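Right, one structure below, let's go through it.
The values are calculated or read from the model by the stated rules, or taken from the named source; none is laboratory data. This is a predicted model, so every value here is computed, not measured. Cβ coordinates were reconstructed from backbone atoms using ideal geometry, including for glycine residues, and neighbour counts include every protein chain displayed. The area values use the complete protein model at the heavy-atom level, side chains included, leaving out ligands, DNA and RNA. Shrake-Rupley method; radii C 1.70, N 1.55, O 1.52, S 1.80 Å.
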Amino acid sequence: MTFENFVESAIQTARIIETGEPAVTLAHPLLNGVPYSVFRREVSIETRREIGAFFSSDAMAMELVSQLDGRIDDDALVLDPTCGIGNLLLARAATLPMGDTLASTLASWGDRLAGFDSRDDLVQLCKVRLCMLARARGNFNDEIDPLRTFPQILGQDMFAPESEELLGRADAVLFNPPFGKTRWPEKLGWASGEINAAAIFLDRLTSVIKPTAPIAAVLPEVLRCGARYERFRSMLSQRNYSGSFTLRGRFDPWTDVDVFTTLLARSTTKEPLWRNAATDQEAHLADRYEIRVGTVVPHRDPESGASRLYICAKTTPAWEPAFKPSARRLYEGRVFSPPFVVIRRTSSPSDKMRAVATVVTGKEPVAVENHLLVAIPNDSSLSACQSLIEMLRLPEINERLNDLMRCRHLTTGAIKGLPLITPSV
């Protein structure tokens, strides 16, 4: 069955429940994982990546909805600007009051739920599933046309000019944006080139919704801790958005992206954005070490200038307490005088050790590849370097790095933010 045929069959299923047929229950295939399963099977991964169609699990959807508890009224208009097959809107609908009939229930829900998606078939399936949820909750078997319900769930792009009015009326937002990289044709004040689509969608969203509307979102980790998105985070803070975060690991078994959930809301008190306030009073590495990125870009920087000692991630031995480089290259950029520590930038939450380090010693300045971070002790001592690599071996540091970030590349900010811990003897 093609996805198009599946959607058409779902529309007919939602239209009427014949007398004598079993009542619809919450276990109905259209209300569990079957729609996403069919979508993954029948729509190519290339297409899914292009449109960012990776849908929230039921558990994640319920978590995001629960974050709105106590912040909005029952009659609030809740909008999902990238609604897909409707998982987030279904989780919200599960909390809404029922009417006496299917028609009155759907009319009431239709006033309280809104959304956009650029694919009409996904919008149709979203409406079908909401109708089936109403049938299951109310044990209704009335005939309805599911495509004539939910007038505020629309097959259009949230960036379209005609979407702005509805975005501006929303009392709250449920948000699972695309996570892939894209080149955006319009000028952005915080980035250029290939940009994570989630950042672009969140920029647009926070620029048009009303100041009182909270955003319950699942977002890729790179937005929270990636060095390239520091200006993006600053932009959100300048718009007075703050919010805590909860790490969620990999989005789902089919999507290799680490994510976090958050509730973004505007505040006049300039509260921190996506920071662990409990660690703010700790002593950090940045208090005793200067943290830099290696400056040599091997395939871009010309082989010219002075002959320099040179290290890269592949040739630097892990956990060596006194490594003296011998390889050389011509280089005319910034170099670093030993002793210092280098830390491999490529790092995954699945790695046994997140911050693999080496102490670099010797008497000559060293050129360092950009896949290594450089930690220079303020007191220029070898002992401070060796203490640092011992500290980076600690399980507590692995745990803290996994709390700080789950991106696949360590950043200067993550290393600067590590607490100073003295290894026990």
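In the context of the full set of protein chains, the chain has a per residue accessible area of 46 Å² (1.4 Å probe). Assign one of three labels to the stretch 1-88, namely rounded, prolate or oblate, based on the Cα gyration tensor with a ≥ b ≥ c the square roots of its eigenvalues; rounded applies when a/c is under 1.5, prolate when it is not and a/b is larger than b/c, and oblate otherwise. Oblate shape, in that a/c is at least 1.5 and b/c is the bigger or equal ratio. Could you name the aspartates and glutamates whose alpha carbon sits less than 20 Å from that of Lys181, not counting residues in the same chain fewer than 8 places away? Qualifying aspartates and glutamates at Cα under 20 Å: Glu46, Glu50, Asp117, Asp157, Glu194, Asp203, Glu221, Glu230, Asp252, Asp256, Asp258. Treating cross-link reach as a plain straight distance, find the lysines whose alpha-carbon is under 20 Å from the alpha-carbon of Lys270, omitting any fewer than eight places away in the same chain. The reachable lysines, counting only those whose Cα sits under 20 Å from Lys270, are Lys210.
For the stretch 38-111, the square roots a ≥ b ≥ c of the C-alpha gyration tensor eigenvalues yield an a/c of 1.5 or more together with a/b exceeding b/c, which makes the shape prolate.
For the chain, the mean residue ellipticity at 222 nm estimated from helices alone is -9000 deg cm²/dmol, where every DSSP H run of n ≥ 4 contributes -39500 (n - 2.57) and the total is divided by all residues, rounded to the nearest 500. Taking the Cβ of Pro321 as the center, what net charge do the other residues with Cβ under 15 Å away carry, scoring Lys and Arg +1 and Asp and Glu -1? The answer is 0. Placing pseudo-labels 7 Å out from each Cα toward the beta carbon at Leu147 and Ala227 gives an inter-label distance of 5.2 nm. Look at the dipole of the chain built from charges on Cβ: of Leu68, Ala306, Ile209, the Cα furthest out on the positive end belongs to Ala306. For the options Pro211, Pro377, Pro302, a Gaussian network treatment of the chain with springs between C-alpha atoms closer than 10 Å singles out Pro302 as fluctuating the most. Cross-link partners for Lys324 among the lysines, with Cα-Cα distance under 29 Å and sequence neighbours closer than 8 places in the same chain left out: Lys314, Lys352, Lys363, Lys416. Structure remark: mean-square fluctuation, Gaussian network model of the chain, C-alpha springs under 10 Å; the largest value among Ala217, Ala91, Ala136 belongs to Ala136. Would you mind pulling out the separation of the Cα centroids of the stretch 216-286 and the stretch 143-188, in Å? When both Cα centres are located, 23 Å separates them. Suppose R0 equals 56 Å. What FRET efficiency, 1/(1 + (r/R0)^6) with r the Cβ-Cβ distance, do Ile16 and Trp190 give to the nearest 0.05? So the FRET efficiency works out to roughly 0.65.
Name the residue, out of Arg328, Arg266, Arg233, whose mean-square fluctuation peaks in a Gaussian network model built on the chain with Cα pairs under 10 Å. Greatest mean-square fluctuation among the candidates belongs to Arg328. Taking every C-alpha pair closer than 8 Å and separated by at least 6 residues, the mean separation divided by the residue count of the stretch 1-107 gives a relative contact order of 23 percent.
Principal-axis analysis of the Cα atoms of the chain puts helix 395-404 at an angle of about 50° to the longest axis.
The long axis of helix 197-208 is offset from the longest Cα principal axis of the chain by roughly 60 degrees.
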